[in-house]
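The values are calculated or read from the model by the stated rules, or taken from the named source; none is laboratory data. All values derive from a computational prediction rather than experimental measurement. Backbone-built Cβ (ideal geometry, glycine too); neighbour counts: all protein chains shown. Quick note on the areas: whole protein, heavy atoms, side chains included, nothing else; ligands and nucleic acids left out. Shrake-Rupley method; radii C 1.70, N 1.55, O 1.52, S 1.80 Å.
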Amino acid sequence: MEKWQKILSKSIMDTATLSKRVKIDKRKINKVIKRYPMKINPYYLSLIRKKNDPIWKQCIPDASEVELWAGRKDPLLEEKYSPVESLIHRYRDRVLLLATNLCTGYCRFCTRKRKVGIREKVLEGKGAQKAFRYIKRHKAVRDVIISGGDPLFLDDKRIEFYLRNLRRIRHVQIIRIDSRVPCLLPQRITPKLCQILKKYAPVYFNTHFNHSQEITKESKRACDMLADNGVVLGNQAVLLAGVNDDPQSLRRLFEGLLMMRVKPYYLYIPDAVKGTYHFRVSIERALEIMRGLIGYTSGMAVPRLILDLERGGGKTPLLPNYIFKHRGRRYIFKNFENRKFYYADIR
Ligand code: SF4
């Protein structure tokens, strides 16, 4: 067993074990995990500094998950856009390959809460061949995102199997891996895995850090190893109430990510997923937060704010409005400090 597999094997999945590590209301948490499983690996648990801190909120089940009834299981209609099992084809030139529904830890805010950890599922055998055949037949697909669950929950052999098969399809130019392991279980990033990713370059890697408390010596080492092996790293964060919904926390996170060669790529407004409503942040607040970032840190550290429209409407970028008014070609702007006015004739 590799080191990361040993850590993972010690994950906490029941309240009796969890209560030995942190003070919890077992009765309430048991009710939640009957519907939405819990898995917290010892590494991620060790990042908790105090009750209800940003790490706690992301991994310790909360009664609101079953008490708030708002939201839908699948607001983005991923199932509808799934022409073959484990493959989502929403945009003309991109598909999402769902490698597994298992992860190295179950995040309480997960957008695929309806399936992660519920029934063990791995894309393999005939199912995998069917997915590869679908991609082969659709010549417009030039970008494949290997997602899940977390694909890096699977072993290196399986990862290489996906990469090898995708690289055989001539029209697939870009392969991306969506994985939270550099944050949840950075020990999973090993020299052997990096060699595999390098072999099938270009491989892009979208990781998922939500708070600067997740940036540690181990996660830096993991991202450094990936970057040193030519993997291009981006980060998709989710705006989460009580975790990171203020400009200062996000600035610390995004500046920290840049220091480990990870470009903040997207900042999502949370999807309207049942069981995650206590994390919801309004669009107004999200735009206010963006105002607190733009101009106050380098543009490199500012991701795009994205709302994934319900019913499969697609990813939609949102930006605060800096145009105060305009008449004909003359525009009046408010600057980022919201106090000076600038004029420009746009011809
Ligand atoms: S690792 Fe990703 S897919 Fe798995 S529970 Fe967390 S957010 Fe969801």
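Results, tabulated for the structure shown:
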read-out	value
Segments classed as helices (runs of 4 or more DSSP H), wholly inside the range 3-59, with at least 1 members that are under 30 Å from residue 192 (Cβ atoms)	3-9, 42-45, 54-59
Any hit, the range 178-200, residues being within 16 Å of the ligand (Cβ to nearest atom), open to solvent by 40 Å² or more (accessible area, probe 1.4 Å) and in contact with a Gly (Cβ under 6 Å, 6 or more places away or on another chain)	no
Residue check for residue 205: crowded, with 18+ Cβ neighbours inside 10 Å, aromatic (Phe, Trp, Tyr) and modelled with pLDDT of 95 or more	yes
Within the range 14-54, considering residues that are within 22 Å of residue 115 (Cα to Cα) and β-branched (Val, Ile, Thr), the one surrounded by the most Cβ atoms within 10 Å (Cβ to Cβ)	40
Tally, over the range 250-263, of residues that are open to solvent by 10 Å² or more (accessible area, probe 1.4 Å) and within 18 Å of residue 290 (Cα to Cα)	6
